[in-house]
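Below is one structure, written out as structure tokens; comments come after it.
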Amino acid sequence: MKVSEIMSPKPLTLKPDQTVGEVVTIFLEQQIDGAPVVDEQGQLVGLFTKSHVYRSIINNRDIMNTRVEEMMTRDVYTGHPDDEFGEVVNATVPRLPVIDEHGRVVGMLTRGDIAKAFFYSYNDISLEYDTVINSAYNMIISIDAQAIIRIWNSAAEEYLGINAEDALGKNIAEVLPGNDLINILASGQSEPVKKVNLDGRWFMSNRSPIKKSGKIIGAVAVLQDISDIEKMSGELNYVKELNEELDAIVESSFDGLFITDGKGNILRYNKAFEQLTGISAHEYLGRTVEEIKINGVISDPVTWDVLEQGKSITAMQESGTGKLILTTGNPVCDENGRIIRVVCNVRDITELTLLKQELEKVQELSQHYESQLRSLKLHFAGDEKFVFTSSKMGDLVDMTMRVASVDATVLITGESGTGKELVADLIHSSSARANKPLIKINCGAIPESLLESELFGYEEGAFTGAKKEGKRGHIELAAGGTLFLDEVGEVAYNLQAKLLRFLQEKEITRIGGEKPIKVDVRIIAATNRDLFCMVQNKEFREDLFYRLNVIPLHIPPLRDRTEDIPVLVAHFAQVFNRKYNLDKRISPDVIDILMRYDWPGNVRELTNLIERIIVIADKDSITREDLPVHMQDRGEGSASYVMVSGIVPLKVAVESVEKQLLEKVYGQNQTTRVMAKQLDVNASTLVRKAAKYNIARR
């Protein structure tokens with residue numbers, strides 16, 4: 001289905017120079033919540049929605065003088081009229097502008113359009129399913145786990161004289177007394193090719209359990225009337241014995257069997273072939289192979305090729321039911337070498353494909369449950385390294401467990417002391433590489449001149465002082481496992497190119513070497529710096545940033561998850577009491593003070609503080625007086641004090657306070673947006689004032 005078939009054509013468009021106030025009026029009049037923005041040539045330049053209107057109001061902008069181009073989204077996900085419907089269904093945007101090859105807007109695809117397309121597609125599939133079931137020559141009867149009849153096709157109505165309306169929804173024992181289809185539910189075993197008697201007539205029955213996710217949810221029986229065959233075979237006992245033996249051989253084959261004589265006339269085929277092609281038991285007996293091709297039962301029968309070439313031939317074909325089949329035709333010759341039979345073995349590889357897909361789904365589900373169990377165990381059973389109660393950390397741990405199951409590169413960001421290395425440990429220990437090495441290297445702690453050799457290793461005699469036998473680098477040492485690049489933002493710019501090549505090619509070349517070495521290793525990187533800003537400042541390669549930032553994980557600072565502080569305090573107090581053989585308790589008012597503190601050093605600072613007060617406190621109950629002075633002075637609900645030592649001009653005092661605040665917030669190595677939010681100013685104001693006082697990130 002093409003996008004052009006479901007999109008809304010000729011949507012309302014906006015101009016970049018229209019004001020937000022004008023657009024609000026248009027949205028109310030047209031009862032829409034968004035529209036594409038086009039230039040004078042009608043080409044798409046952006047998307048403007050009610051969210052932009054709300055943003056304007058929240059930011060106290062004058063909507064009567066604010067133009068659309070100031071607020072619109074410029075990077076817009078678009079589609080084209082000839083795109084397949086499935087290509088855009090996964091888009092996560094609520095509305096999708098559709099443009100032609102010149103970039104002009106020709107339609108709009110909304111979630112309503114997609115839902116409508118799904119609805120029509122579902123109805124078509126449902127009708128097709130009913131048509132196929134009721135068009136089947138054989139009787140098809142299915143029951144659910146409670147033995148209630150769910151399928152009773154037209155053939156069953158004709159043979160048994162019971163309308164579907166009178167059978168559906170009833171227990172099969174009421175409709176067909178004595179029928180033992182319910183035994184399939186109990187045994188869970190298939191019963192192929194079984195003769196049953198229903199209402200005085202004999203049928204050949206194939207009965208199987210219906211399973212979903214390994215659980216039996218019902219049973220199905222496919223029955224073929226064999227009364228005529230029984231009458232004919234009864235005329236000659238010898239013929240009957242031969243026929244029964246041949247039936248047992250042919251019908252017991254899981255693959256379809258299709259047999260012709262030496263002239264291409266159809267002699268017989270088994271039930272598996274009927275099911276594959278959708279033909280009835282006697283429909284084509286005595287007819288030629290050419291008729292099967294003309295009627296579309298099989299796209300291109302191999303029988304003629306076998307007769308012409310006189311040898312076995314295997315070919316891929318498509319049956320009239322749309323199934324993909326693999327057919328092997330074998331000639332059968334008499335004593336004179338003349339072909340008297342062609343036996344074709346037909347196998348449904350569609351079912352094999354479906355089974356493979358089903359197996360993959362089960363494996364994916366198993367991995368998902370395994371990840372969930374690890375996450376729940378970590379959260380509820382506790383862990384010496386992960387102690388938390390906040391939803392932010394819970395979400396982070398859940399995401400970490402999901403990420404651990406794949407081999408994608410992970411970039412962990414967060415302030416110093418938040419526990420980036422612990423998250424890397426958790427990813428590795430929960431991954432399929434857990435039994436392989438986890439190699440860690442702090443890129444900021446190794447001099448630039450040595451970092452390359454530490455990462456990539458070197459060959460014999462590569463440089464003065466090198467070991468005679470050479471040395472493997474950290475990347476090689478992590479082969480099969482995980483390499484953790486801590487403080488990756490400190491890697492020198494010229495070394496970043498070599499690191500990028502390794503990430504792209506998965507191979508390295510030692511210093512002084514010529515032969516590339518393939519290395520299978522997963523990369524986890526971490527930094528407390530804003531790599532995006534470093535890219536903009538030409539301090540970090542853009543291509544390397546995007547190679548590392550495949551799956552970003554951000555660890556929130558401790559001040560943003562203060563609900564974790566009480567459990568962390570209790571945990572560390574227990575750890576250090578046990579370590580130093582003490583039994584000291586921390587009073588509730590101390591915890592209140594700790595929850596109001598900013599924690600620039602995050603969990604590392606909290607750990608050190610608890611160890612210090614546990615060791616130096618001279619009584620068993622730790623109170624406010626045992627805390628450092630800078631923590632004791634903090635009042636309820638206050639952030640900090642502004643101290644002055646004398647009378648100065650007000651302007652000078654204000655500038656002094658501004659400079660101190662900017663120096664403090666820039667020292668935390670956060671993004672410009674986060675710092676602006678903390679100081680409750682616009683990002684542009686923050687940057688301008690920082691430039692005024694010559695303040696930059698440390």
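So, in the stretch 71-107, exactly how many residues are at pLDDT below 80, closer than 30 Å to ASN59 by Cα and in a strand (DSSP E or B)?
Of the residues in the stretch 71-107, 2 are at pLDDT below 80, closer than 30 Å to ASN59 by Cα and in a strand (DSSP E or B).
Being in a helix (DSSP H, G or I), modelled with pLDDT of 80 or more and exposed (fewer than 13 other Cβ atoms within 10 Å of the Cβ), is that true of even one residue in the stretch 663-674?
Initial filter on the stretch 663-674 (in a helix (DSSP H, G or I)): 663-666, 672-674.
Adding the requirement that they be modelled with pLDDT of 80 or more leaves 663-666, 672-674.
Checking which are exposed (fewer than 13 other Cβ atoms within 10 Å of the Cβ) leaves us with 673.
Yes; the residues of the stretch 663-674 include at least one that is in a helix (DSSP H, G or I), modelled with pLDDT of 80 or more and exposed (fewer than 13 other Cβ atoms within 10 Å of the Cβ).
Would you mind telling me which numbered condition in (1) exposed (fewer than 12 other Cβ atoms within 10 Å of the Cβ); (2) more than 31 Å from the chain's Cα centre (by Cα); (3) not aromatic (Phe, Trp, Tyr) VAL68 fails?
That leaves (1) as the condition not met.
Residue by residue through the stretch 511-536, note down the ones that are β-branched (Val, Ile, Thr) and under 18 Å from ASN494 (Cα atoms). Reasoning before the result, please.
The initial filter retains those residues of the stretch 511-536 that are β-branched (Val, Ile, Thr), namely 511, 517, 519, 521, 523-524, 527, 535.
Within the stretch 511-536, ILE511, VAL535 qualify.
Determine if the stretch 203-222 includes at least one residue that is farther than 30 Å from GLN357 by Cβ and surrounded by fewer than 19 Cβ atoms within 10 Å (Cβ to Cβ). Break it down stepwise before answering.
Filtering the stretch 203-222 for residues farther than 30 Å from GLN357 by Cβ gives 203-204.
Right, trim to surrounded by fewer than 19 Cβ atoms within 10 Å (Cβ to Cβ) and you get none.
No: the stretch 203-222 contains no residue that is farther than 30 Å from GLN357 by Cβ and surrounded by fewer than 19 Cβ atoms within 10 Å (Cβ to Cβ).
Select from the stretch 213-232 the residues that are under 23 Å from ASN134 (Cβ atoms) and at pLDDT 85 or above and list them in ascending order. Steps first, please.
Looking only at the stretch 213-232, we keep the residues that are under 23 Å from ASN134 (Cβ atoms), and these are 217-228.
Listed by number, the residues that qualify are ILE217, GLY218, ALA219, VAL220, ALA221, VAL222, LEU223.
Would you mind stating whether ILE279 is part of a loop (DSSP other than H, G, I, E, B), under 27 Å from PRO192 (Cα atoms) and of a type outside the set (D, E, K, R)?
Values: part of a loop (DSSP other than H, G, I, E, B): yes; under 27 Å from PRO192 (Cα atoms): yes; of a type outside the set (D, E, K, R): yes.
So ILE279 passes the test.
If I filter the stretch 511-564 down to residues being basic (Lys, Arg) and in a helix (DSSP H, G or I), which single residue comes out as farthest from the chain's Cα centre (by Cα)?
In the first step, residues of the stretch 511-564 are kept if they are basic (Lys, Arg); the result is 515, 518, 522, 529, 538, 541, 547, 559, 561.
Keeping just the survivors that are in a helix (DSSP H, G or I) gives 547, 559.
On the way: ARG547: 19, ARG559: 32 Å.
It comes out as ARG559.
When the residues of the stretch 260-274 are filtered to those that are in contact (Cβ under 8 Å) with a residue 40 or more places away in the chain and buried (at least 18 other Cβ atoms within 10 Å of the Cβ), which remaining residue is farthest from the chain's Cα centre (by Cα)?
Per the criteria, the residue is GLY264.
Does the stretch 573-594 contain any residue that is touching a residue at least 24 places away in the same chain (Cβ under 8 Å), closer than 26 Å to SER391 by Cβ, of a type in the set (Phe, Trp, Tyr) and surrounded by 13 or more Cβ atoms within 10 Å (Cβ to Cβ)?
Looking for residues that are touching a residue at least 24 places away in the same chain (Cβ under 8 Å), closer than 26 Å to SER391 by Cβ, of a type in the set (Phe, Trp, Tyr) and surrounded by 13 or more Cβ atoms within 10 Å (Cβ to Cβ), one finds none in the stretch 573-594, hence no.
Condition first: in the same structural domain as LEU627 (by TED's automatic domain parsing), closer than 25 Å to GLN678 by Cα, modelled with pLDDT of 90 or more and of a type in the set (Asp, Glu). Can you find one or more residues in the stretch 580-597 that meet it?
Within the stretch 580-597, not a single residue is in the same structural domain as LEU627 (by TED's automatic domain parsing), closer than 25 Å to GLN678 by Cα, modelled with pLDDT of 90 or more and of a type in the set (Asp, Glu).
Being in the same structural domain as LEU267 (by TED's automatic domain parsing), under 13 Å from ASP261 (Cβ atoms) and surrounded by 15 or more Cβ atoms within 10 Å (Cβ to Cβ) narrows it down to one of VAL346, VAL342, so name that one. I'd like the intermediate steps shown before the answer.
Numbers: VAL346 fails: under 13 Å from ASP261 (Cβ atoms).
Sole residue among the options that is in the same structural domain as LEU267 (by TED's automatic domain parsing), under 13 Å from ASP261 (Cβ atoms) and surrounded by 15 or more Cβ atoms within 10 Å (Cβ to Cβ): VAL342.
Anything in the stretch 318-349 that is in a strand (DSSP E or B) and among the small types (Gly, Ala, Ser)? List them, or say none.
Within the stretch 318-349, the first condition is being in a strand (DSSP E or B), and the residues that meet it are 318-319, 324-333, 339-348.
Residues satisfying the conditions are SER319, GLY329.
Considering each of ILE266, ILE313 in turn, give the residue that is in contact with a Lys or Arg (Cβ under 6 Å, 6 or more places away or on another chain) and modelled with pLDDT of 85 or more. Steps first, please.
Details: ILE313 fails: in contact with a Lys or Arg (Cβ under 6 Å, 6 or more places away or on another chain).
The unique qualifying residue is ILE266.
Just for the stretch 114-145: of the residues that are of a type outside the set (A, V, I, L, M, F, W, C) and in contact with a Gly (Cβ under 9 Å, 6 or more places away or on another chain), which one is farthest from ALA186 (Cα to Cα)? Break it down into steps so the answer makes sense when it comes.
First pass over the stretch 114-145, keeping only residues of a type outside the set (A, V, I, L, M, F, W, C): 116, 120-124, 126, 128-131, 134-135, 137-138, 142, 144.
The next check asks that each one be in contact with a Gly (Cβ under 9 Å, 6 or more places away or on another chain); those that pass are 135, 137, 142, 144.
Values: SER135: 30, TYR137: 28, SER142: 15, ASP144: 12 Å.
Within the stretch 114-145, the match that is farthest from ALA186 (Cα to Cα) is SER135.
Among the numbered criteria (1) among the aromatic types (Phe, Trp, Tyr); (2) closer than 23 Å to ASN138 by Cα; (3) in a helix (DSSP H, G or I), which single criterion is violated by TRP304?
Failing condition for TRP304: (2).
Determine which single condition THR49 fails, assuming it passes every other condition in (1) in contact (Cβ under 8 Å) with a residue 24 or more places away in the chain; (2) hydroxyl-bearing (Ser, Thr, Tyr); (3) over 18 Å from LEU109 (Cβ atoms).
Condition not satisfied by THR49: (3).
What are the pairs with Cβ atoms under 9 angstrom where one residue, in the stretch 492-511, is hydroxyl-bearing (Ser, Thr, Tyr) and the other, located anywhere, is assigned to a strand (DSSP E or B)? Sequence gap at least six, or different chains.
Every condition considered, the pairs that remain are THR509/ILE517.
Within the stretch 1-22, which residues are in contact (Cβ under 8 Å) with a residue 12 or more places away in the chain, part of a helix (DSSP H, G or I) and of a type outside the set (Gly, Ala, Ser)? Walk me through it before giving the result.
Taking the stretch 1-22 as the starting set, the residues that turn out to be in contact (Cβ under 8 Å) with a residue 12 or more places away in the chain are 1-21.
If we keep only those that are part of a helix (DSSP H, G or I) as well, we get 3-5, 20-21.
Result: VAL3, GLU5, VAL20.
Return the residues of the stretch 141-172 that are of a type in the set (S, T, N, Q), under 19 Å from PHE203 (Cβ atoms) and outside any loop (DSSP other than H, G, I, E, B); say none if nothing qualifies.
Selection gives SER142, SER154.
Can you name the residue in the stretch 23-46 that is in contact (Cβ under 8 Å) with a residue 40 or more places away in the chain and in contact with a Gly (Cβ under 7 Å, 6 or more places away or on another chain) and, of all such residues, is nearest to PHE118 (Cα to Cα)?
Looking at the filtered set, the residue picked out is LEU44.
If you take the residues in the stretch 501-534 that are polar (S, T, N, Q) and more than 20 Å from ALA408 (Cβ to Cβ), which one is surrounded by the fewest Cβ atoms within 10 Å (Cβ to Cβ)?
We begin by selecting, within the stretch 501-534, every residue polar (S, T, N, Q); these are 504, 509, 527-528.
Remaining after also requiring more than 20 Å from ALA408 (Cβ to Cβ): 509, 528.
Details: THR509: 17, ASN528: 21.
Residue satisfying both the conditions and the ranking: THR509.
Looking only at the stretch 542-570, which residues are surrounded by fewer than 19 Cβ atoms within 10 Å (Cβ to Cβ), closer than 22 Å to ILE613 by Cβ and touching a strand residue (DSSP E or B) at 6+ places or on another chain (Cβ under 9 Å)?
Residue satisfying the conditions is ALA570 alone.
Results for (1) touching a strand residue (DSSP E or B) at 6+ places or on another chain (Cβ under 9 Å); (2) at pLDDT 85 or above; (3) in a loop (DSSP other than H, G, I, E, B), shown as yes or no for each residue.
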{"position": "VAL24", "(1), (2), (3)": "no, yes, no"}
{"position": "LEU28", "(1), (2), (3)": "no, no, no"}
{"position": "VAL45", "(1), (2), (3)": "yes, yes, no"}
{"position": "PHE48", "(1), (2), (3)": "yes, yes, no"}
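The values are calculated or read from the model by the stated rules, or taken from the named source; none is laboratory data. Note that the coordinates shown come from a computational prediction; the quantities given were computed from them, not determined experimentally. So basically every Cβ, Gly included, is an ideal-geometry build from the backbone, and we count neighbours across all protein chains shown.
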